[in-house]
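Colleague: Take a look at the following structure, please.
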Amino acid sequence: RTQEALAQTVVRHAPIALALLTGSEHIVALANPAFFDLLGVEDSADALGFPLRTVITDRAERFSSMLRLDAVFHGSEPQAMIELPIHLGRGITYWNVTTSPVVGEGGVIGGVLVAAVDVTRQVTARHRAQESADVAQERIGQMLTLHATTLANSSQVGADPSELLANILRRSINLLNAQAGV
């Protein structure tokens, strides 16, 4: 009992989502609040002891497939998913998830251990940084094109003004990715 109480305390307060799903029905034998957050379940009080399909009726099959629960339970190979997008009513969250078989007596797989870390902030920050870098790269390209246009125009000082203006227009059309200009 002491060991069981200690295990439940550790699982409940772990900073990652943890759950033990037993049998081919994936019965929730042990889970912490972070796991229910991963599932999008608000009231988890009555979830223990019930199959996953009962706990999250509308998404159980998709969720089970995403976490590869059947593959782990029947194939005995651990699975890892990096930055797995989970679509819930409140938006998308990203998780690094591992699912591992729990082997019982006689080498029989009795369940699946799920461990997941919420990496939504890191993924979102990386996406924002990439978007900023893309915008900066585009602006640098525009500045280089403008600089080249200025250099080309300064070398034509004293040339025919209509030819100079035509050259500026041609370069402006290219810079703006326009189809035409007047």
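Colleague: Given a cut-off of under 8 Å on Cα pairs at least six residues apart, what relative contact order in percent is computed for the range 36-182? Walk me through the numbers before you get to the answer.
Modeller: Numbers: 137 pairs, mean separation 17.9, N = 147.
Here the relative contact order equals 12 percent.
Colleague: Here's another thing I want to ask about it. How large is the helix-only mean residue ellipticity at 222 nm for the chain, computed as the sum of -39500 (n - 2.57) over DSSP H runs with n ≥ 4, divided by its residue count, in deg cm²/dmol to the nearest 500? Each step should come with its number before you reach the end.
Modeller: Numbers: 7 runs with 88 residues, N = 182.
Rounded to the nearest 500, it is -15000 deg cm²/dmol.
Colleague: Also: On full extension of the chain, what length is gained from Arg121 through Ala5, given 0.36 nm per residue of separation minus the C-alpha to C-alpha distance? Don't skip to the end; give the middle numbers.
Modeller: Numbers: separation 116, 0.36 × 116 = 41.76 nm, distance 3.25 nm.
Contour length minus Cα-Cα distance gives 38.5 nm.
Colleague: So, for the chain, what is the accessible surface per residue at a probe of 1.4 Å, expressed in square angstrom? Could the numbers behind the result be given before it?
Modeller: Numbers: 11800 Å² over 182 residues.
On a per-residue basis, the chain sits at 65 Å².
Colleague: Could I have the simple spin-label model distance between Gln130 and Glu105, label points 7 Å from Cα toward Cβ, reported in nm to one decimal?
Modeller: In this crude spin-label approximation the distance works out to 5.0 nm.
Colleague: Turning to a different aspect of this structure: If I model a spin label at Gln137 and Ser65 as a point 7 Å from the Cα along the Cα→Cβ vector, what separation in nanometres do I get?
Modeller: In this crude label model, Gln137 to Ser65 measures out at 3.4 nm.
Colleague: For percent of Cα pairs over 26 Å apart, which listed value, [x] 42; [y] 33; [z] 51, comes from the coordinates shown?
Modeller: Step by step, percent of Cα pairs over 26 Å apart for this structure corresponds to label [z].
Colleague: In addition: Would you mind calculating the relative contact order of the range 18-75 from Cα pairs under 8 angstrom and at least 6 residues apart, reporting the percent as a whole number? Don't skip to the answer; put the middle values down first.
Modeller: Values: 57 pairs, mean separation 16.9, N = 58.
Relative CO of the range 18-75 lands at 29 percent.
Colleague: While we're looking at this one, here's another question. Quick one: net charge around Ala60, please, counting Lys, Arg +1 and Asp, Glu -1 for every other residue with C-beta under 11 Å from its C-beta.
Modeller: Values: positive: Arg53, Arg59, Arg62; negative: Glu25, Asp58, Glu61.
Local charge sum for Ala60: 0.
Colleague: While we're on this one: Summarise the accessible area of the range 33-105 (1.4 Å probe, protein heavy atoms) by the percent that is carbon and sulfur. Could the numbers behind the result be given before it?
Modeller: Working: 2100 of 4130 Å².
That share works out to 51 percent.
Colleague: Right, next: Could you give each residue of the range 167-173 its phi-based ³J(HN,Hα) in whole Hz, using Karplus coefficients 6.51, -1.76, 1.60 with θ = phi - 60°, and x for Gly or Pro?
Modeller: Once rounded to whole Hz, the list reads 5, 4, 5, 4, 5, 5, 4.
Colleague: Suppose we flag trypsin sites (Lys or Arg not before Pro) only when DSSP calls them loop and at most 13 other Cβ atoms lie within 10 Å. Which is the longest uninterrupted stretch of the chain?
Modeller: On the way: sites that count: Arg1, Arg90.
Here the longest segment lacking exposed loop sites spans 91-182.
The values are calculated or read from the model by the stated rules, or taken from the named source; none is laboratory data. Computed from a prediction, not measured in an experiment: that's the story for all the values here. Glycine gets a Cβ as well: all are built from the backbone with ideal geometry, and neighbour counts include every protein chain shown. Just so you know, the surface numbers come from the protein's heavy atoms only, side chains and all, with ligands and any DNA or RNA stripped out. Shrake-Rupley method; radii C 1.70, N 1.55, O 1.52, S 1.80 Å.
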